[in-house]
Amino acid sequence: MSADGFITLKQLYRKPVRTLGLILLGVILSLSIIGGTLIISGLRSGLDSLEDRLGADIMVVPVELRSKAGFNTDILQGNKGYYYVERDYLNSLYNGGIKGIGQISEQYYFATASADCCTAPMHLISYDPKTDFTIKPWIEVSYKDELKDCEIVIGYDINLEPGDVLYFFGVPCTVAARMEQTGTYLDTAVYTTQSTIEALIKNAIDNNLPAYTGTTAPSTHVSSVLINVADGYSIDEVLQAINENIDEVYAVKSKSLITNVAEGLTSVSGIISTLIIVIWILSISVMAVAFVMIVNERKKEFAIIRVTGASEKMMQKMIKKEAFIVSAVGSILGAVLGISVVSLFSESIENYLDLPFLLPSPANLLGIFILAIAAATISGSIAASFAVYRISRLDPALILQEDN
Amino acid sequence: MILHAESVSKEYKKRRKNQKPDAALKQTDFVLEEGALTILRGASGSGKTTLLNILAGLLNPSEGHVFLDDTDIYALSDEDRSRFRNQYFGIIPQGQTLLSCLTVFENVLLPYTLYGEKVTAEIKENALSLLKRLGIDDLKDNLPSELSGGERRRVAVARALVKNPKIVLADEPTGDLDEKNTEIILNLFEEYKKNGSAVLMVTHEKDIDHYADNLYRMDTGEIFRSVSLRKRA
Ligand SMILES: Nc1ncnc2c1ncn2[C@@H]1O[C@H](COP(=O)(O)OP(=O)(O)OP(=O)(O)O)[C@@H](O)[C@H]1O
Ligand SMILES: [Mg+2]
């Protein structure tokens, strides 16, 4: 090892409090960089996946939902409660009464409210496998080609394995597939066919289960209709036609749902970016002051090393090395801590910010990790440059004279 | 090797506005002979440390040159001059000069480790025997903060001598030492001198003049040669 490295290590090792203090600054810096970056990128990819996942141009929902405050975000967060529209009102969507309907598929939402009916309270989404174009593309691992009756697809976050069984109103349902992650309530939902829902409801009624209080069923009611516009028609055109002709429903553009969320995301990202920059500037300043103070405090020792034959350049290298070591150690610790904290609390972040949140893929995570470490380490070196300048202005002979 | 100062002088920058800049060292020629022990004495503030630092390549003279043999050391780059200092000079600065983060032994070996030289068993043995002669070998693994003032000064002496320097510059090396230790250090200087080193010792001690081959006295920035009382062997 070169001598400046040797002395640097001794300095760090024999002054543990000072060293830990400097490392802590590095930790704060890289923690804030990586934490902030992860949150921003997590929100962004959550939103992207949600946009893909909505998968339809137009979403048609019962008209009661229009007047609900915060409808746009609610519909993405799954807080919307359960509303239904009678199937009969929708005829014009199917019989050509409204022009420009390309793909169309219905969904029926259903909550199993309490534990005495089921293994656990669940949000059930049923779809029609014959027309569905928004659920099937997102099945991550499938174990069967087609869902049979009483088979379910689980959201990404549900902790079950294929072949596991969930009970709904006493009916055993087998897990057949798992969905990809969205970072939203969809990750804890259960997907199944409409005929399965029918069977569950029938069983509940037949056995007079008190937990079941519903009065609707997929055969007569619909929770939402997803529509892709046919070629040659514009989304707005079709949207307007639906809203004008069917009073019982409210048609929204999927994109506009996202836009609202995206606006929320932009403001959150802005706050986080500002915070990162403030913390960045603060920790570089504190580090810079700390390093200059350290040089001042040790200037006699530096003079002695110069007397023994070290050049000015070597002294500068020594400071740089010290700054590099503490900020590298600090930033690695901070980055590890940041990734752990964000991973552990990703669900709380999602709930707290009320925005979809998806952790980046391992490869991206590694990239962010390395970038954060590099940024924090480089910042440490920038902070040390004042001290490096200071040391190059120290005259060993004059310093040694000072305290004689 | 001969260290030779040619009409060097030093005027420090004014500390306060109205202070007239005093010449701490008036124009001086000075030769430090090899194989000789030179003693320099003089009142406090007379310019001894100033001269020593100029000779050591640590303090740029206001005027004049310092030559080590034929090399003008202030014409060298900082890097070369530093390297020179490490290679040929053993310097004991005035005051306490140990590195607090290094042990006694690490402090003593610093002239070697500074440029990443391999510290051989021989070097270690030599360092240890220096410490032993100075009576501080059992403290070799202690930190400077655990040493007395006199012990620290002896460590600084060992550090200056460990690399067998051609030029030894000692600024009051026996300042807070008892007679016995003063004598040990003077004997060490004698040995180095006999091995061909040029030794300069700045001191206030009165009764050691008989060790000196050359004796100088400084008075307000001027240097005067005194008669050496040494009986040459
Ligand atoms: N950095 C400085 N700036 C201005 N003047 C200085 C500086 N260092 C020393 N001096 C002045 O230069 C003169 C010579 O100082 P120097 O340290 O060489 O004296 P000295 O002979 O070594 O004294 P002592 O025996 O007390 O160590 C003194 O008058 C001192 O005040
Ligand atoms: Mg002095």
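Structure above, values below:
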{"read-out": "Heavy-atom accessible area per residue - the protein assembly as shown, 1.4 Å, Å²", "value": "45 Å²"}
{"read-out": "Sulfur and carbon atoms: percent of accessible area, segment B:1-91 [1.4 Å]", "value": "42 percent"}
{"read-out": "Cβ-based net charge around A:ASP164, under 13 Å, with every Lys or Arg adding one and every Asp or Glu removing one", "value": "-1"}
{"read-out": "A:VAL341/A:ALA111 FRET efficiency (R0 35 Å; Cβ-Cβ; nearest 0.05)", "value": "0.60"}
{"read-out": "Per-residue average of Cβ from other chains inside 10 Å of A:393-400", "value": "5"}
{"read-out": "Solvent-accessible area of B:LYS26 with every protein chain in place, 1.4 Å probe, in Å² to the nearest 10", "value": "80 Å²"}
{"read-out": "Interface A:B - total buried accessible surface [probe 1.4 Å, Å², rounded to 100]", "value": "2500 Å²"}
{"read-out": "Crossing angle, helix A:3-14 versus chain A [Cα axis fit, 0-90 degrees, rounded to tens]", "value": "70 degrees"}
{"read-out": "Evaluated at q = 0.10, 0.18, 0.21, 0.22 Å⁻¹: base-10 log I(q)/I(0), Debye formula over Cα of segment A:246-361", "value": "-0.58, -1.07, -1.24, -1.29"}
{"read-out": "Viscosity 0.890 mPa s, 25 °C: Kirkwood-radius Stokes-Einstein D of the protein assembly as shown over Cα pairs, µm²/s", "value": "78 µm²/s"}
{"read-out": "Cα-based convex hull, segment B:109-218, per residue volume (Å³, whole number)", "value": "119 Å³"}
{"read-out": "Gyration tensor (Cα) of segment A:146-205, equivalent ellipsoid semi-axes in angstrom", "value": "20, 12, 10"}
{"read-out": "Largest-first ordering by accessible area, 1.4 Å probe, given options A:TRP280, A:TRP138", "value": "A:TRP280, A:TRP138"}
{"read-out": "Cβ neighbours within 10 Å from other chains - mean over B:92-103", "value": "6"}
{"read-out": "Farthest positive-ward along the protein assembly as shown dipole, Cα basis, beta-carbon charges - from A:LEU20, B:LEU200, A:LEU398", "value": "B:LEU200"}
{"read-out": "In nm, spacing of pseudo-spin labels at B:SER62 and A:ILE139 (7 Å Cα→C-beta vector)", "value": "9.4 nm"}
{"read-out": "Whole-number percent relative contact order across chain B, with pairs defined as alpha carbons under 8 Å at least 6 apart", "value": "30 percent"}
{"read-out": "Peptide A:9-15, shielding by other chains (average Cβ, 10 Å cutoff)", "value": "3"}
{"read-out": "Unsatisfied cross-links (Cα-Cα over 28 Å) in the set A:LYS202/A:LYS255; A:LYS15/B:LYS118; A:LYS10/B:LYS163; A:LYS300/B:LYS124; A:LYS299/B:LYS206; A:LYS15/B:LYS180", "value": "A:LYS202/A:LYS255; A:LYS299/B:LYS206; A:LYS15/B:LYS180"}
{"read-out": "Percent of beta bridges antiparallel (DSSP, the protein assembly as shown, rounded to nearest 5)", "value": "65 percent"}
{"read-out": "GNM top mover of A:ALA372, A:ALA383, A:ALA199 - chain A, alpha-carbon springs below 10 Å", "value": "A:ALA199"}
{"read-out": "Surrounding net charge for B:LEU177, when Lys and Arg each add one and Asp and Glu each subtract one, Cβ distance under 15 Å", "value": "-3"}
{"read-out": "Rounded to the nearest 20 debye, dipole of chain B from Cβ charges on Lys, Arg, Asp, Glu", "value": "560 debye"}
{"read-out": "Nearest-10 value in Å² for the accessible area of A:ILE349, using the 1.4 Å probe", "value": "30 Å²"}
{"read-out": "Within straight-line cross-link reach of A:LYS253, lysines at Cα separation under 26 Å, skipping those fewer than 8 residues along the same chain", "value": "A:LYS68, A:LYS80, A:LYS99, A:LYS130, A:LYS136"}
{"read-out": "Volume per residue of the C-alpha convex hull in chain B, rounded to whole Å³", "value": "138 Å³"}
{"read-out": "Among beta bridges that DSSP assigns inside chain B, antiparallel share in %, nearest 5", "value": "50 percent"}
{"read-out": "Accessible-area value, A:GLU402, 1.4 Å probe, nucleic acids and ligands omitted, Å²", "value": "120 Å²"}
{"read-out": "Accessible surface of chain A [probe 1.4 Å, protein heavy atoms]: carbon and sulfur percent", "value": "60 percent"}
{"read-out": "Neighbour net charge for B:SER7 - beta-carbon separation under 11 angstrom, K R +1, D E -1", "value": "-2"}
{"read-out": "Inter-label distance, nm, simple model (7 Å from Cα along the C-beta direction), A:TYR89/A:LYS130", "value": "2.4 nm"}
{"read-out": "Residue of A:THR220, A:THR259, A:THR174 that the Gaussian network model of chain A assigns the largest fluctuation, springs spanning Cα pairs under 10 Å", "value": "A:THR220"}
{"read-out": "Length-normalised contact order of chain A in % [C-alpha pairs under 8 Å, at least 6 apart]", "value": "31 percent"}
{"read-out": "Estimated inter-spin distance, A:SER269 and B:THR120, nm [label 7 Å along Cα→Cβ]", "value": "6.5 nm"}
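The values are calculated or read from the model by the stated rules, or taken from the named source; none is laboratory data. This is a predicted model, so every value here is computed, not measured. When we count neighbours, we look across all protein chains shown, and the Cβ atoms used for this are built from the backbone with ideal geometry, even at glycine. Accessible surface is based on the protein model in full, side chains and every heavy atom, while ligands, DNA and RNA are left aside. Shrake-Rupley method; radii C 1.70, N 1.55, O 1.52, S 1.80 Å.
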